[in-house]
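Working notes for the structure below.
Nothing in this text is a laboratory measurement; each read-out follows from the coordinates by a stated rule. What you are looking at is a predicted structure, and each value in this text was computed from that prediction instead of being measured. Quick reminder, even Gly has a Cβ in these numbers, built from the backbone with ideal geometry, and neighbours come from all protein chains shown.
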Amino acid sequence: MSPKELVKSFYKSNFYKDEDVLKTYLHPECEIFWSSSDGFINLKYDDVINHGKTVSESYKSLRTEISQLIAEDNSVTIRYTFYVVTFDNPEEEICLAHFISIWEVRDNLLYKCYEMSQMADEKAIDNNAYVAMKFSEEIDEV
């Protein structure tokens, strides 16, 4: 599987619901450098596993909508939005946050990630700021 296919497969998987699935994608030395709305967070392998458990306990479901996916060698940039369904309101899916992540793939596993996120707001959604787009004919449809 190419680095681009690996990243896409990860975000389309149920990694947040199944720790074993999450572990199949992560390099043992995985590390995420995350600039979030709450500030900087550094997650190492065990932290990422625990974060997956927290997400699973917090939301009934999580869906990833990918708007861009660009690869060069072992680096993959992905721009995506998380949509969630809460346990309190299982009839409504809400837009949670927008992300851009740059992954380094090593040994066909997710190794290093440099990530930025912002909580979703209606202005970005209403203006189609996260509509999928192609940058060239060579890029596969996300």
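Is the chain best put as rounded, prolate or oblate by its Cα gyration tensor, with a ≥ b ≥ c the root eigenvalues, rounded for a/c under 1.5, and otherwise prolate when a/b is larger than b/c, oblate when not?
oblate
Ranked from highest to lowest mean number of other Cβ atoms within 10 Å per residue, what is the order of the peptides 86-93, 106-113?
106-113, 86-93
At 7 Å along Cα-to-Cβ for each site, give me the label-to-label distance between residue 121 and residue 53 in nm.
3.5 nm
Using only the Cα atoms of region 1-54, build the gyration tensor, take square roots of its eigenvalues as a ≥ b ≥ c, and label the shape rounded, prolate or oblate: rounded if a/c is under 1.5, else prolate if a/b is larger than b/c, else oblate.
Details: a/c = 1.69, a/b = 1.42, b/c = 1.19.
Because a/c hits 1.5 or more and a/b exceeds b/c, region 1-54 counts as prolate.
Student exercise: in region 3-121, how many lysine pairs 8 or more apart or on different chains have Cα atoms under 23 Å apart?
Here the count comes out as 27.
If r is the Cβ-Cβ distance from residue 70 to residue 13 and R0 is 22 Å, what FRET efficiency results, to the nearest 0.05?
Working: r = 20 Å, r/R0 = 0.90.
Once rounded, the FRET efficiency stands at 0.65.
How would you rank 50-59, 75-84, 94-103, highest first, on the average number of other Cβ atoms within 10 Å across their residues?
75-84, 94-103, 50-59
Let's test the formula: R0 of 30 Å, r as the Cβ-Cβ distance of residue 91 and residue 21. What FRET efficiency results, to the nearest 0.05?
With a Förster radius of 30 Å, E is 0.70.
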